[in-house]
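Colleague: Structure incoming, see below.
Values in this text are rule-based calculations from the coordinates and carry no lab data. Since we're looking at a predicted model, the values are computed, not measured. Cβ coordinates were reconstructed from backbone atoms using ideal geometry, including for glycine residues, and neighbour counts include every protein chain displayed.
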Amino acid sequence: MAHSQSSIDRPLAALHEAALAVASNLALDKVLRQIVESARALVGAKYAALGIPDGSGKMAKFIHSGMALEEVERIEHLPEGLGLLGAILHEGRTIRIPRISADPRSAGFPPGHPPMESFLGVPVRAGSEILGNLYLTEKEESGEFTKSDEELIELLAAHAAIAIKNARLYEQVGRSAIVEERSRIGMDLHDGVIQAIYAVGLTLESARLLLAPEEHEEAVDLIDGAIDGLNDAIRDIRNFILDLRPRRFEGNLSEGLARLAREFQANTMVPVTLDAPREMTVGVPIPVSRAIFFTVQEALANVARHARASEVTISTQRQDHAIYLRVTDDGCGFDVNKETATTGHGLANMRARAEERNGTFRVESQPGAGTTIHLHLPT
């Protein structure tokens, strides 16, 4: 009897340790990684992964554990949420099978993917919302996952859901604090630094008027160059202020987008084409309109800071129960496949807003070919 009790206590103790490890982090990326590592260790799986859906049935993130770097590099592309992975996402229930290849729901593996047979997949659920799916394959000792394994992972998934929600809340609070600080810095720059630079420019203008061009041609040229440099500095600071100072959304999306376009054009001298007719935005719920407004604000700030664009286009379209936003610039572009590009300043905020509204966010860009931001939100 003592032996039986000990055999019960060991998995529970392991689950307790795993849950504590998951809950110990507040950074979302670390939480997701810890969930995957803890799940794999808990049931002795060779491989584990956590898929985070993007709202359209595919995976926005796919965190994996157990594969060596050279194995990962051989895979043509990571799983996209099809087959068994998609079944868990759509059915919202656990799937445990001895052989992946024998299940009719299986869609096979991407080219270069290591072979896998035994499978345990569990949704990570918070109420009716599926935050992600835990996948485990290749039970190392017995070759097949047991009912006890299933129960342990389901318990871990419940802890994981709480940890993910906490981490997201922590990030939202952090973003709010950052926005407040950015607003203060923007005001300081506008009210202090720009005015000081402008005053220096006026002094130089006065000095230039006192010099006869025919007698002091070289000095006049130097002063003109200094004035041009100060004007460039003012323009650059205004571009930063576009990024630093959040604008208030007054509730009218059509007017709000027009105001953002006017302010951007006035500060950057880059022409903006706005295709957002009032009939396209009437009746859009306020939370959705707010998400679109702030996405456009963030996108224009990124254009001002990074793109070196000569033209920007903003357009909206309505579908049956959704609204679609596109922001395009003809600037320098960037490599979207680089991790620093996909998680860099601004883009992460836009992606988070889309996820909060159960929408999708996508970036198209390549060096020298401009950038297009796509946002699709259900209404």
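Colleague: If you stretched the chain out fully between CYS332 and LEU69, how much longer would it get, using 0.36 nm times the residue separation minus the C-alpha to C-alpha distance? Let's see the in-between values first.
Modeller: Working: separation 263, 0.36 × 263 = 94.68 nm, distance 3.18 nm.
Gain on stretching CYS332 to LEU69: 91.5 nm.
Colleague: Continuing with this model, one more query. For the pair ALA107 and THR372, what calculated FRET efficiency results from E = 1/(1 + (r/R0)^6), where r is the Cβ-Cβ distance and R0 = 22 Å, to the nearest 0.05? Intermediate results must be reported in sequence, preceding the final value.
Modeller: Numbers: r = 30 Å, r/R0 = 1.35.
Once rounded, the FRET efficiency stands at 0.15.
Colleague: Listed highest first by mean packing, meaning other Cβ atoms within 10 Å per residue, what order do 317-323, 34-40 come in? Write down the numbers at each step before the final one.
Modeller: Numbers: 317-323: 13.1, 34-40: 23.6.
Packing order, densest peptide first, comes out as 34-40, 317-323.
Colleague: Oh, and also: Could you tally the net charge around ILE314, taking each other residue with its Cβ under 14 Å from the Cβ of ILE314, Lys/Arg +1 and Asp/Glu -1?
Modeller: Numbers: positive: ARG259, ARG262, ARG326; negative: GLU255, GLU263, ASP275, GLU298, GLU311, ASP329, ASP330.
Charge balance near ILE314 sits at -4.
Colleague: Going by average Cβ density within 10 Å per residue, which order do the peptides 282-292, 126-136 take, highest to lowest? Present the calculation step by step, with values, prior to reporting the outcome.
Modeller: Details: 282-292: 16.8, 126-136: 19.5.
My ranking of the peptides, most packed first, is 126-136, 282-292.
Colleague: Also, I was wondering about something else. Peptides 352-365, 298-311: what's the order by average Cβ count within 10 Å, highest mean first?
Modeller: Numbers: 352-365: 18.4, 298-311: 20.6.
Going by the mean number of other Cβ atoms within 10 Å, highest first, we get 298-311, 352-365.
Colleague: Give, in nm to one decimal, the length gained when the segment between ASN231 and ALA126 is fully stretched (0.36 nm per residue of separation minus the Cα-Cα distance).
Modeller: Details: separation 105, 0.36 × 105 = 37.80 nm, distance 5.29 nm.
Full-extension gain reported as 32.5 nm.
Colleague: Still on this structure: Working out 0.36 nm times the residue gap between GLU364 and GLU144, then minus their Cα-Cα distance, what length gain in nm do you get to one decimal? Could the numbers behind the result be given before it?
Modeller: Working: separation 220, 0.36 × 220 = 79.20 nm, distance 4.20 nm.
Difference between extended and current length: 75.0 nm.
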